[in-house]
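The values are calculated or read from the model by the stated rules, or taken from the named source; none is laboratory data. Note that this is a predicted model, so its numbers are computed, not measured. Backbone-built Cβ (ideal geometry, glycine too); neighbour counts: all protein chains shown. With ligands, DNA and RNA removed, areas are computed over all heavy atoms of the protein, side chains included. Shrake-Rupley method; radii C 1.70, N 1.55, O 1.52, S 1.80 Å.
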Amino acid sequence: MLIAMMNEQLINATELTRDMIIKDQLICPCCKERVIFKHGKYRIPHFSHKTNSICRHFSENESQAHLTGKLVFQKQLEQMGIKTVLEYNLPDIEQRADVFLPDEQAILEYQCSPISYADIARRTVNYKKLGIDVLWILGDRHLNAAKRLDGVAKFARFHTKLGFYIVFYSASNRQFRLDFQIREVSGKLTSQVRLFTDLKELKKFVGRVKQDAAICSERRSRLLMLNQIKRIQRGVVMQNSTYLDMITACYRQGKIFVGCPIVCHGKSGDGLPIFRRCGLCWRVWIVLQLFSGEYDEVSNQQLNWLFKQSVQLFGQQFAQVDDYVRLFQMAFTSFIFSLRANGYLRHTINGVKIIQSPTWFDSYDQKRQYIMTEKPVVC
């Protein structure tokens with residue numbers, strides 16, 4: 001840990017040197033036990049509990065990268081005129097913040113080690129109960145978090161202009177990285193990436209970034225669809241469990257999953273990464289429910305039930321996004337409007353009327369040939 005108490009005053013380990021003679025006892029500000037000042041040629045100065053300590057709030061095996069990162073954050077923030085407190089103890093929730101910004105009522109947590117979704121969600125909720133916002137900055141171990149759904153679920157925040165985004169700091173490269181506009185593109189996660197030398201530069205970029213307008217050419221849209229159905233077909237042949245339940249659901253209605261209607265692939269092949277599995281599975285499930293042939297009209301109440309059921313089955317929760325259900329609602333509304341624009345539905349006062357069912361393909365080859373020759377366009 002970096003902070004101790006001496007004569008009722010907080011002492012920062014980085015302010016001490018090897019040559020200083022410490023006559024008074026150094027005390028842990030949390031458990032009030034005695035701590036030891038440690039330093040060396042290859043060791044960042046820090047305070048350590050005795051080996052038999054039972055203090056739960058301070059980590060004795062804190063990595064050098066973690067210590068370095070917190071010091072970098074503090075130095076750069078104070079150069080920006082922002083007051084900071086290292087290792088700020090919050091006894092009400094039994095948590096200790098890496099870097100606390102009292103004037104901003106915000107916390108920076110530098111996460112270098114593995115952490116479960118449950119732990120990061122609990123700590124985030126606890127901070128918010130105290131009215132404190134928290135930004136998790138990830139270390140080198142987590143540099144691929146934006147490429148995994150579980151990483152996005154744990155660490156991603158949402159911004160109207162940045163979309164889903166994650167902030168990284170590489171202690172080895174001494175630079176910040178921002179992965180933003182994290183999106184699912186035909187079943188894969190992609191993002192835009194920017195590198196920054198310091199927090200000031202990163203903050204400046206966020207302040208001037210413009211909202212991204214998704215542009216997808218006809219050729220790119222076709223390539224995305226072709227790549228996606230190729231992956232699905234390969235998964236079916238290899239008996240991959242990823243699509244097993246959707247393959248079964250389609251089979252029960254006499255259809256094949258890879259032959260799903262073109263409209264299920266989306267207008268530009270991409271969307272927000274808000275599902276536990278790819279958005280294609282979610283859209284196929286909705287089409288199966290709407291166009292099962294059981295009814296020719298769907299009430300608003302039924303649509304609402306369909307939405308809630310789809311969120312329960314496919315929706316991904318986020319530890320850092322409060323109103324994530326709103327994102328599902330936007331996606332659901334957009335897909336219903338897409339079905340209407342393509343002539344499959346018509347809105348009525350009480351809900352929607354089924355006009356015609358989307359076309360399903362009988363085989364992978366038939367669908368592939370159609371995409372290559374007909375140049376399908378989804379409204």
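Just a few scattered comments:
- Among the residues here, Gly271 qualifies as touching a helix residue (DSSP H, G or I) at 6+ places or on another chain (Cβ under 9 Å) and open to solvent by 10 Å² or more (accessible area, probe 1.4 Å).
- Taken over the stretch 235-256, residues that are over 28 Å from the mean Cα position of the chain (by Cα), open to solvent by less than 60 Å² (accessible area, probe 1.4 Å) and within 27 Å of Arg222 (Cβ to Cβ) amount to 3.
- Flag if Lys70 is in contact with a Phe, Trp or Tyr (Cβ under 7 Å, 6 or more places away or on another chain), modelled with pLDDT of 95 or more and either open to solvent by 30 Å² or more (accessible area, probe 1.4 Å) or charged (D, E, K, R) (or both): no
- In the stretch 363-370, the count of residues that are open to solvent by 10 Å² or more (accessible area, probe 1.4 Å), part of a helix (DSSP H, G or I) and either among the β-branched types (Val, Ile, Thr) or under 30 Å from Lys128 (Cβ atoms) (or both) is zero.
- Some residue of the stretch 89-98 being assigned to a helix (DSSP H, G or I) and at pLDDT below 90: no
- Filtering the stretch 73-92 to residues that are open to solvent by less than 30 Å² (accessible area, probe 1.4 Å), under 25 Å from Cys31 (Cβ atoms) and of a type in the set (Val, Ile, Thr) leaves only Thr84.
- Candidates Leu272, Leu306, filtered to the one that is among the aliphatic types (A, V, I, L, M), at pLDDT below 95 and either more than 24 Å from Leu189 (Cβ to Cβ) or within 16 Å of the chain's Cα centre (by Cα) (or both): Leu272
- Subset of the stretch 173-232 that is of a type in the set (Asp, Glu) and assigned to a strand (DSSP E or B) - its residue that is surrounded by the fewest Cβ atoms within 10 Å (Cβ to Cβ): Glu184
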